[in-house]
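Notes for the one structure printed next.
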Amino acid sequence: MSAAREEEEEEEPASLLLRLEPTASRLAAICRLDLRKAGLKRLPASIGLCATCLEQLDVGGNPLESLDGVQTLGRLRVLFATGCALGGRGLPAGGPLSRADSLFMLSLKENGLAVLDGEALPPKLGWLICAQNAIAEVRAPHRLSHVRKLMLSHNLLDAVSADLLIEAIPALEMLRLACNRMETLPAAAFRHPRLAWFAFGGNPYSARLCAAALSAADAAADAVATLKDASEAGREVAVGEEELGRGSGAVVKRGTWQGTPVACKLWSAELFSDGDARGEWLMGRLTGGCASLVRTLAAWETPSLGMAVVKLSDLGAACAYDRHGHTAVEKLEVRSFGLLLLDLLSHLQVSHDGTFGGGEAAAAAAALRHAAAACTAESLEARPSFAELCAEL
């Protein structure tokens, strides 16, 4: 075998695709293709050679002027086009992307989009990620009727535009609308029986309520200690090196506060799918008195946002809302709890007779099944409150 032939066989699929004369047989067998940051303005002319098997394509970080060619990939299920500057003229109504009929999951995060136009998108999408754009307008939302997971955090949507979009998508199960421009909760969200994840923090509506709640909480006798500067934080808190956990924008380390062992959560990134670092930090201060969930002892802003807690908790999707005026928000969370119960029940060991054994174990399983059914009822009004669940369980 020649040296040139050996070198060709060792090449990555992406390299072959970008060559003028790619090896057709190898490209035809590709199921996943990574073309991130390859300097592409258009998809390679030979992308059609991958149509037989290609199911996942990542073209993120390319200055794309068009997605022409994607419509030829008849088996493509997942497309990541993050940070491709498609917000100019790269997504026309009726364009190539709208004809990618097999596409199920699509990411158009960080593309400078000002309009979410259903006519520019595939008709069978189940999962759409359009976070961190500049979307303020919605067009042809009926084209997105199959979407189950919709990520629109960090855009410019108001409640009217959000309602127009949400109303047209009956299958919604996850909705992320954090850090937009909504002065009220989108009413249409509470007419979706399967919706179980609703992120709304960082909007003007929740920011107002959060500020009012913090003002009252800071005046309480058991208020969370707020450490004003780095020197005070250094005297009060000692952050160790041992990591207890890590997420997309924060790390939790073992430490001490006034000599008491604590977990210290330190934020590094600013933006998250469910909001921003400051919003999560503020909500952590508000939950300081919920001992069964998390007990926040101290919080500081410099040298970076941080918090000392005695129990671990991730409050990234939390937001402040009017509990008396919007009880439906709690009913969405109740459905989430019901799905958690169903997951737990799926891990219980079933006896040969189809039960969970006898005695207390069987009674507990029956109670959990009953609670899960109530929590996941189609009608929000039929679902119990958390107070009622606590009384029952």
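The values are calculated or read from the model by the stated rules, or taken from the named source; none is laboratory data. Quick caveat: nothing in here was measured; it's all calculated off a predicted structure. So basically every Cβ, Gly included, is an ideal-geometry build from the backbone, and we count neighbours across all protein chains shown.
Some notes on this structure:
- Within segment 201-243, considering residues that are surrounded by 14 or more Cβ atoms within 10 Å (Cβ to Cβ) and part of a loop (DSSP other than H, G, I, E, B), the one modelled with the highest pLDDT: Asn203
- Test result for Arg285, modelled with pLDDT of 75 or more, closer than 28 Å to Pro261 by Cβ, among the basic types (Lys, Arg) and part of a helix (DSSP H, G or I): yes
- Taken over segment 244-273, residues that are at pLDDT 85 or above and part of a loop (DSSP other than H, G, I, E, B) amount to 2.
- Within segment 25-44, the set of residues being hydrophobic (A, V, I, L, M, F, W, C) and over 14 Å from Leu67 (Cα atoms) comprises Leu27, Ala28, Ala29, Ile30, Cys31, Leu33, Ala38.
- Residue list for segment 363-377, restricted to those being farther than 13 Å from Glu333 by Cα and either surrounded by fewer than 13 Cβ atoms within 10 Å (Cβ to Cβ) or touching a Phe, Trp or Tyr at 6+ places or on another chain (Cβ under 7 Å) (or both): Ala363, Ala365, Ala366, Ala373
- Output for segment 252-280, where each listed residue is over 18 Å from the mean Cα position of the chain (by Cα) and of a type in the set (A, V, I, L, M, F, W, C): Val252, Trp257, Val262, Ala263, Cys264, Leu266
- Taking the conditions (1) closer than 13 Å to Tyr321 by Cα; (2) at pLDDT 85 or above in turn, Phe190 satisfies each one other than (1).
- For first residues located in segment 339-362 and at pLDDT 75 or above, partners that are of a type in the set (Lys, Arg) and lie 6+ apart or on another chain with Cβ distances below 7 Å form the pairs Leu345/Arg369.
- Members of segment 115-154 that are over 24 Å from Gly74 (Cβ atoms) and either polar (S, T, N, Q) or not assigned by TED's automatic domain parsing to the domain that holds Gly74 (or both): Gln132, Asn133, Ser153
- Being surrounded by 22 or more Cβ atoms within 10 Å (Cβ to Cβ), assigned by TED's automatic domain parsing to the domain that holds Leu54 and over 18 Å from the mean Cα position of the chain (by Cα) holds for only one residue in Leu157, Leu177, Leu103, and it is Leu103.
- Single residue of Pro123, Pro141 found to be surrounded by fewer than 22 Cβ atoms within 10 Å (Cβ to Cβ), touching a helix residue (DSSP H, G or I) at 6+ places or on another chain (Cβ under 9 Å) and closer than 19 Å to Leu67 by Cα: Pro123
- Number of the exception - Gly240 against (1) farther than 25 Å from Phe200 by Cα; (2) under 20 Å from the mean Cα position of the chain (by Cα): (2)
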